[in-house]
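The values are calculated or read from the model by the stated rules, or taken from the named source; none is laboratory data. Because the structure is predicted, anything quoted here is derived from the model rather than measured. Positions of Cβ are generated from backbone atoms using ideal geometry, with glycine treated the same way; all protein chains shown enter the neighbour counts.
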Amino acid sequence: MTLLPERLLNVARLLQAAFGAYALHITLIAVLGFFASLLEALGISAVIPIFSFVTGGSGAAADTITHIISGVFAYLHIPYTFRFLLLFVGTLFVVRTLALFAIQNVTARIVFGYERDMRKNMFRVTLMADWPFLSLQKAGHLDQLLLTNTTNTALFFGFFSTMVLIITKTIAYLVIAINISLPVALLSLLAGVLLFFVLKPLFRWNKVFSTEAEGLNRSVAHYVSQHLSGVKTVKALAVEGPVARTASRYFEGIRNVHVRITTLRGFLEMGVQFAGLAFVAGVFAYMYRSGSFNFASFAIIVYAVNQIFAQVQSAQVQLHSLTSMIPYLQSAISHIRSARESGEREHGSIQFSFERDIEFRDVSFSYPKRTGTLDNISFRVPHGKIVAIVGPSGAGKSTIADLLLHLIEPSSGNILIDGRDLKEVSLHHWRKVVGYVPQEPFLLNDTIRNNIAFYDVISDDDMRKFAERANIHDFIETLSEKYDTHIGDRGVFLSGGQRQRIVLTRLLARKPKLLVLDEATSALDPESQTAIRKSIEKLRGEVTVIIIAHSGEMRDAADITITLEDGKVQNIEHRSPKGVVI
């Protein structure tokens, strides 16, 4: 017995977390919905005296609402005639239509505003999360969350507005039914409640299927994103068929689960329609045998009863939609909470200053549930020197790069900049003066100019100057559009070396104090490696360069070579300016 309240409490907490800030918006929707339903109830009830006029009567009737309407006419000194009564009913329905339009317009503005705000918030907190959190995210999952999940979550506002209309309409039609026949009204209410609980088990199955659908959508987004990013490999290995067949199995799974969800809803609608038809037949039999059969009253109460059952059906459909959307909402809120909890913390406040050296002092680091990646390493990087960090795969080289970028923090030990702990330095300022060139360069599907600027403002003169230093300017000048040439998705129209040199230009234009190249040339041809080496050597004495490398080409450019193995420093080798080992 405690499970149901706990489940409802969890849903309430979820809705509070998602929509607590929108309480006033939801209240506005509720007020407009109540007003529209009240107008509809008055309009329908006013049909009874109209029927009386049509059949030759005076428009008077024994029901309460008719007495209220005639009293309002008398108070306003309006003749209680067929013409004015018809005008009154028409006015009510026109105003109700305008109110419904207002509800739709307000709801649409709120829904799409919430959708926009949630996407902005989700994307922002994701970008602000720390590297350990981001490194665990699967390709395509954030796309799914930003597009599908936020859209389904925003539909909750549609659910709120619709449920308000359903509740107020149900009350309005119950009032109409009570106004004509109290027994019929009470039986309608009882039948609606019973029908709701009889069909309640369908909600559990609907949630199970919807959770499965949400998981499949995320899996498909990940699978498609992953294979499209590596489509060249897929084609080169001639595995398009197997890749497509695996995707087909995912698509078949999505199709099957949505068929099950639709079948459940169809069964629900059929059950409510059969129940409503049976009840209306019973109402007809009851009123016909009562001896006081009145066609106008019968028509109105049949309409009211039919509408009550229609509202019960709508409530069932809306609640099924709610249970379908809850997994999407849970996933979106969970991601936002996790990203916010994993947000990068700005611990330091000291402005960056680098005149002497960077020192790793007894630094250790290990990833969760893994053995130590770095084990008590110590070394110094003098200002203006080129330092190569070499070693086999898994030795911890890239972890050193991540530590220098302040993406992760040491498990123990300290990283010192001119004797100050890196933790004391402003994270934002540190990132502004550190350049990073990864093995896979990140380029936008845009122009060379915009890829070099990369959300910054760089003058044409600076762009040209640093492109020359990166040995890429002469190539750019051979292009028809020069710096305004589009380079395709991830720079597909460029060679690997050209992509790396554009990224290098981007970083040099920011005038970094420290440049980190993480296996940046490992996949390049010798000619491209030589070009990048020459670019790096031009920085000696001006920019401190740390090269994570395997190749001899880049190692030979170094003033200092640090050899790592099994997370430990095995050797530190110094070279003279002429390349002689000291």
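The combined condition, being part of a strand (DSSP E or B) and either within 23 Å of Asp130 (Cα to Cα) or not small (Gly, Ala, Ser) (or both), is fulfilled by Ile377. Whether a residue is assigned to a helix (DSSP H, G or I), touching a Phe, Trp or Tyr at 6+ places or on another chain (Cβ under 8 Å), more than 30 Å from Ala281 (Cβ to Cβ) and among the polar types (S, T, N, Q) was assessed, and Ser331 does not pass this test. Of the helices (runs of 4 or more DSSP H) contained entirely in segment 102-207, those carrying at least 2 residues that are within 24 Å of Gln330 (Cβ to Cβ) and out of contact with any Ser or Thr (no Cβ under 8 Å at 6 or more places or on another chain) fall at 141-144, 150-180. So in segment 127-161, with the set limited to residues that are of a type in the set (S, T, N, Q) and under 25 Å from Glu212 (Cβ atoms), which one is surrounded by the most Cβ atoms within 10 Å (Cβ to Cβ)? The selected residue is Asn149. Evaluation of Gln144 against the conditions (1) farther than 29 Å from Thr263 by Cα; (2) touching a residue at least 40 places away in the same chain (Cβ under 8 Å); (3) not charged (D, E, K, R) shows that the sole unmet condition is (1).
Just one of (1) at pLDDT below 80; (2) within 12 Å of the chain's Cα centre (by Cα) fails for Leu85. It is (2). Taking first residues from segment 455-466 that are among the aromatic types (Phe, Trp, Tyr) and partners that are assigned to a helix (DSSP H, G or I), the Cβ contacts under 6 Å between residues at least 6 apart in sequence or on separate chains come to Phe466/Thr505; Phe466/Leu508. Looking across segment 419-454, the residues that are within 21 Å of Ile408 (Cα to Cα) and touching a Phe, Trp or Tyr at 6+ places or on another chain (Cβ under 6 Å) come down to Val425, His429, Trp430, Val433.
For every residue, the table says whether it meets (1) without any contact (Cβ under 8 Å) to a residue 24 or more places away in the chain; (2) more than 23 Å from Val437 (Cα to Cα); (3) surrounded by fewer than 17 Cβ atoms within 10 Å (Cβ to Cβ).
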| site | (1), (2), (3) |
| --- | --- |
| Ile350 | no, yes, yes |
| Glu355 | no, no, yes |
| Arg361 | no, yes, yes |
| Thr373 | no, no, no |
| Arg380 | yes, no, yes |
| Leu407 | no, no, no |
| Ile415 | no, no, no |
